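Each remark here refers to the structure printed beneath this line.
The values are calculated or read from the model by the stated rules, or taken from the named source; none is laboratory data. Source: prediction; values computed, not measured. Cβ: placed from backbone, ideal geometry, glycine included. Neighbour counts: every protein chain shown. Surface areas here come from the heavy atoms of the whole protein model, side chains and all, with no ligands, DNA or RNA. Shrake-Rupley method; radii C 1.70, N 1.55, O 1.52, S 1.80 Å.
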Amino acid sequence: MGLKLLVISVFTAASLSACSKAETAPGIIETEPITDETMYMTEREEINQFLKTWDQAMIDADTQTLSSLMADDIVIRHITGATQTKEEWLAEVAGGSMDYHKIVRQNVKMDFKSATRADVSSTTVITATIWGGNGTWTLNSNMHLEKRDGKWLGVN
């Protein structure tokens, strides 16, 4: 029994290797291998655009755009450990007590949990005036994203 299985395997391999590049063995469809780089390519592009939109909205104090990028129940955690609801943070941005001047994301990594859930981490260099203190901070940023109705949102 084992010998018969071995012979079939060898025959199949020999049959496939005998085909030229222009030919494909019957029943075989040639495709590019799926790698971590190609998997979720559309989602990666969408998330990169999400991050650009998010960062620009922070700089522009565009609270309408920021609000549209976040789930209603999201909680924002600051480098101090302080937390704010979506409404509290957006009020601070709108009022100018959180004034973002420049944001540079580096080393962006996306960890897909599924086609609709991803964790995004990056090193983010933020120049801002926060509660009267002006400075540039290098942060290890982490965002949890979920795709709802075809759109990525920041979630808890």
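For this structure, a couple of remarks:
- Largest to smallest accessible area among Lys147, Lys102 [probe 1.4 Å]: Lys102, Lys147
- Net charge over other residues, Cβ less than 14 angstrom from the Cβ of Glu146 (K, R count +1; D, E count -1): -2
- Long pairs among Lys52/Lys113; Lys102/Lys147; Lys86/Lys109; Lys52/Lys109, criterion Cα-Cα beyond 18 Å: Lys52/Lys113; Lys102/Lys147; Lys86/Lys109
- Per-residue ³J(HN,Hα) for region 110-117, Karplus 6.51 cos²θ - 1.76 cosθ + 1.60, θ = phi - 60°, Hz, x for Gly and Pro: 10, 10, 7, 8, 6, 5, 10, 9
- Cα gyration tensor category, rounded, prolate or oblate, for region 37-93 with a/c compared to 1.5: prolate
- Each label was represented as a point 7 Å from its Cα along the Cα-to-Cβ direction; for Glu87 and Trp131 these points are 2.1 nm apart.
- Amide H partners (placed H, <5 Å) of Arg117, local residues excluded: Lys147
- Carbon plus sulfur fraction of accessible area for region 28-156, probe 1.4 Å, in percent: 50
- Pairwise label distance in nanometres, His78 with Asp60, each label 7 Å out on the Cα-Cβ vector: 2.5
- Summing +1 for each Lys or Arg and -1 for each Asp or Glu among the other residues whose beta-carbon sits under 10 angstrom from that of Ala71 gives -1.
- Restricting region 68-136 to chymotrypsin sites (Phe, Trp or Tyr not before Pro) in coil, as DSSP defines it, with at most 12 other Cβ within 10 Å: Trp131
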